[in-house]
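Q: One structure, as structure tokens, below. Some questions next.
The values are calculated or read from the model by the stated rules, or taken from the named source; none is laboratory data. What you are looking at is a predicted structure, and each value in this text was computed from that prediction instead of being measured. Here the Cβ positions follow ideal geometry from the backbone for every residue, glycine too, while neighbour counts run over all protein chains shown.
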Amino acid sequence: MRKVLIGVLIACLSVGLATVAFATEFSWSGSAEFGIEGTSDGASGDFFGSASLTVDATATSGPWGAGVTLEDGAISDGYISYSGAAFTLTMYPLGVDNGVFDVEIWDPAAGALVDPLGIPSNPGLKLDVPMEGFDFYAVVNNHANAQVTYNFAGGVGFSMGPLGLDFTFNSNQENKTSSYGAQVSYSAGSMSFTGQYGGFAPEGGDALTGYYGKLEYTLPGGSAFTLSYNGSGEYGKIYGEFTTPLAENVDLTFDVTSTNTPGADTVTGWEGKIGFSV
């Protein structure tokens, strides 16, 4: 079964690449950043330690599309898509996953964050159905080991002017767990707020929950503040970020993260970086 699946993916990729060869549109974008980072416990710290390079390239021909992402010289993502009148079907040969928004959930029994909280990244398909004021998506992927195991995920989103509501659900058949989440977002001028709640249920175990909140504010001139908080039981993480433009497509960013892990000292991490984009 695994060989058959790999063969199908290769065949589809070949067809997609052949289609892209006659693409009527081609676009690409890239970004690079470097800076200095460190933590209060001295566990990590680097000058230029956050250096990275990302390039995204896409091509379309009628209803067909394809894209690839390169990170630090290696392919990290890729897709082939077909867009119909009422839907978009996308194949991800390198893997597609689904989480619970930005929520992090602490597992006291494992002494660590739940990972993966949703479904893991495996080769699979994603169906998107956009409507006016309403969006729906479904994801299916599989993992071939002793036998083929399928994972499922889906979500819906509603928009009503500045207010947005989103829901997601995951069925991870690899480790027999399920997870779900809800998100509410609101934007008014230069300020926006996001609130999220998520749950995780292992088969035969106790359900765990977590929540996330984020506030963003944009100043005149393009500078922006972001403040967020993750909470789950005794686990908590505060994140603050300030970004300001230095020139066209050049930004300077400072961020601080304070993480309170159960049974350990609070650790503060910081980073300053310059980012370039084209």
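Q: On the given criteria, is Leu117 touching a residue at least 60 places away in the same chain (Cβ under 8 Å) and either crowded, with 18+ Cβ neighbours inside 10 Å or in contact with a His (Cβ under 6 Å, 6 or more places away or on another chain) (or both)? Write out each step before concluding.
A: Details: touching a residue at least 60 places away in the same chain (Cβ under 8 Å): yes; either crowded, with 18+ Cβ neighbours inside 10 Å or in contact with a His (Cβ under 6 Å, 6 or more places away or on another chain) (or both): yes.
In short, yes.
Q: I've got another one for you. Residues Gly213, Gly205: which one is in a strand (DSSP E or B) and farther than 30 Å from Asn249 by Cβ? Let's see the steps before the verdict.
A: Working: Gly205 fails: in a strand (DSSP E or B).
Criteria check complete, one pass: Gly213.
Q: Also: Taking Phe134, is it modelled with pLDDT under 95, surrounded by fewer than 17 Cβ atoms within 10 Å (Cβ to Cβ) and either closer than 24 Å to Gly67 by Cβ or touching a Phe, Trp or Tyr at 6+ places or on another chain (Cβ under 9 Å) (or both)? Walk me through it before giving the result.
A: Working: modelled with pLDDT under 95: yes; surrounded by fewer than 17 Cβ atoms within 10 Å (Cβ to Cβ): yes; either closer than 24 Å to Gly67 by Cβ or touching a Phe, Trp or Tyr at 6+ places or on another chain (Cβ under 9 Å) (or both): yes.
Judged against the criteria, Phe134 is a match.
Q: While we're here: Can you tell me how many residues in segment 136-186 are more than 20 Å from Val103 (Cα to Cα), free of Cβ contacts under 8 Å to residues at least 60 places away in the same chain, more than 18 Å from the chain's Cα centre (by Cα) and assigned to a strand (DSSP E or B)?
A: Of the residues in segment 136-186, 5 are more than 20 Å from Val103 (Cα to Cα), free of Cβ contacts under 8 Å to residues at least 60 places away in the same chain, more than 18 Å from the chain's Cα centre (by Cα) and assigned to a strand (DSSP E or B).
Q: Can you pull out the residues in segment 248-278 that are assigned to a strand (DSSP E or B) and among the polar types (S, T, N, Q)? Working first, answer last.
A: Initial filter on segment 248-278 (assigned to a strand (DSSP E or B)): 250-260, 267-277.
If the condition is that a residue be assigned to a strand (DSSP E or B) and among the polar types (S, T, N, Q), then Thr253, Thr257, Ser258, Thr259, Asn260, Thr268, Ser277 are the ones that fit.
Q: Test of understanding: among Glu132, Glu174, Glu203, which residue is of a type outside the set (A, V, I, L, M, F, W, C) and in contact with a His (Cβ under 6 Å, 6 or more places away or on another chain)? Steps first, answer last, please.
A: Values: Glu132 fails: in contact with a His (Cβ under 6 Å, 6 or more places away or on another chain); Glu203 fails: in contact with a His (Cβ under 6 Å, 6 or more places away or on another chain).
After ruling out the rest, the residue left standing is Glu174.
Q: Inspect all residues belonging to segment 191-203 and state whether any of them is among the small types (Gly, Ala, Ser) and either touching a Pro at 6+ places or on another chain (Cβ under 9 Å) or on the phi > 0 side of the Ramachandran plot (or both).
A: First pass over segment 191-203, keeping only residues among the small types (Gly, Ala, Ser): 192, 195, 198-199, 201.
Keeping just the survivors that are either touching a Pro at 6+ places or on another chain (Cβ under 9 Å) or on the phi > 0 side of the Ramachandran plot (or both) gives 192.
Taking every residue of segment 191-203 in turn, at least one turns out to be among the small types (Gly, Ala, Ser) and either touching a Pro at 6+ places or on another chain (Cβ under 9 Å) or on the phi > 0 side of the Ramachandran plot (or both).
Q: Give Gly221, Gly205, Gly275 a once-over and let me know the one that is in contact (Cβ under 8 Å) with a residue 40 or more places away in the chain and over 21 Å from Asp115 (Cα atoms).
A: Working: Gly221 fails: in contact (Cβ under 8 Å) with a residue 40 or more places away in the chain; Gly205 fails: over 21 Å from Asp115 (Cα atoms).
After applying the criteria, what remains is Gly275.
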